[in-house]
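The values are calculated or read from the model by the stated rules, or taken from the named source; none is laboratory data. Keep in mind the model is a prediction, meaning the values are calculated, not measured. Quick reminder, even Gly has a Cβ in these numbers, built from the backbone with ideal geometry, and neighbours come from all protein chains shown. What goes into the accessible areas is simple: the full protein's heavy atoms, side chains included, and nothing from ligands, DNA or RNA. Shrake-Rupley method; radii C 1.70, N 1.55, O 1.52, S 1.80 Å.
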Amino acid sequence: MADLPSPHQSAPRLDEMCADAIRRRHRELRRDVRRVREQLRGLATPGSPLPDIVQQFEGLAAYLELHLVKEENILFPALEALAEAARAGGSRPPLPFPSVLNPVRLLEGEHVRVHDLLARVTEAARLAQPEAPDQRWPAVHGALTALGATLAEHVRFEDEVLFPTALEVERR
């Protein structure tokens, strides 16, 4: 687990971490979702098992997008307000929830759910791969693997760095 910043670093860094999450991490997730979508659609043919996998993936993509939107439009603005108040030496600003812990726990649960959904899509794609060689399948698996790695980094950063920092700033 990453070390938490010192008290004087927490407030300024919290809003910077939120901005980085949106600018870099969320953008990477959305890019990887597009890549998987393109790879899956390129394989879809009548009578193939791909329509079910595409449907599962689209469910995952919609769930992940809603998750990112919650972070960008609800949690991160609140964390930025906390950071600003801490920098100014003020008290906790009014937020749309009694504690940052509430949305953090919700989003941590969503991290587990999206990981499970991705594992299901990945397994379905593995099982659907035909025995006859098709050079497009390695690209599908590669895109799913890349999405998994990007998702794992997203979850690690938020669960181990961003969320603990936010809770510490709120506690103070």
Counting only residues in the range 129-150 that are touching a residue at least 40 places away in the same chain (Cβ under 8 Å) and touching a helix residue (DSSP H, G or I) at 6+ places or on another chain (Cβ under 6 Å), the one farthest from GLY90 (Cα to Cα) is identified as ARG136
State whether the residues of the range 134-157 include one that is farther than 24 Å from HIS26 by Cα and not in a helix (DSSP H, G or I). yes
Of a type in the set (D, E, K, R), touching a Leu at 6+ places or on another chain (Cβ under 8 Å) and farther than 22 Å from GLU16 by Cβ: which single residue out of ARG126, ARG136, ARG92 fits that description? ARG136
Only one of (1) open to solvent by 70 Å² or more (accessible area, probe 1.4 Å); (2) modelled with pLDDT under 95 is not met by ARG113, so which one is it? (2)
Taking the options LEU82, LEU117, name whichever one is more than 17 Å from the chain's Cα centre (by Cα), in a helix (DSSP H, G or I) and either of a type outside the set (Asp, Glu) or under 16 Å from ALA21 (Cα atoms) (or both). LEU82
Residue tally, condition under 29 Å from GLU72 (Cα atoms) and among the polar types (S, T, N, Q), over the range 119-163: 3
The range 123-133, subset in a helix (DSSP H, G or I) and of a type outside the set (Asp, Glu), residue surrounded by the fewest Cβ atoms within 10 Å (Cβ to Cβ): LEU127
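Conditions tested, residue by residue: (1) touching a helix residue (DSSP H, G or I) at 6+ places or on another chain (Cβ under 6 Å); (2) open to solvent by 10 Å² or more (accessible area, probe 1.4 Å); (3) closer than 30 Å to ARG120 by Cβ.
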{"residue": "VAL54", "(1), (2), (3)": "yes, yes, yes"}
{"residue": "LEU60", "(1), (2), (3)": "yes, no, yes"}
{"residue": "LEU64", "(1), (2), (3)": "yes, no, yes"}
{"residue": "LEU68", "(1), (2), (3)": "yes, no, yes"}
{"residue": "PHE76", "(1), (2), (3)": "yes, no, yes"}
{"residue": "LEU79", "(1), (2), (3)": "yes, no, no"}
{"residue": "ALA86", "(1), (2), (3)": "yes, yes, no"}
{"residue": "GLY90", "(1), (2), (3)": "no, yes, no"}
{"residue": "PRO93", "(1), (2), (3)": "yes, yes, no"}
So for the range 2-15 (the condition being open to solvent by 10 Å² or more (accessible area, probe 1.4 Å) and modelled with pLDDT of 85 or more), does at least one residue qualify? yes
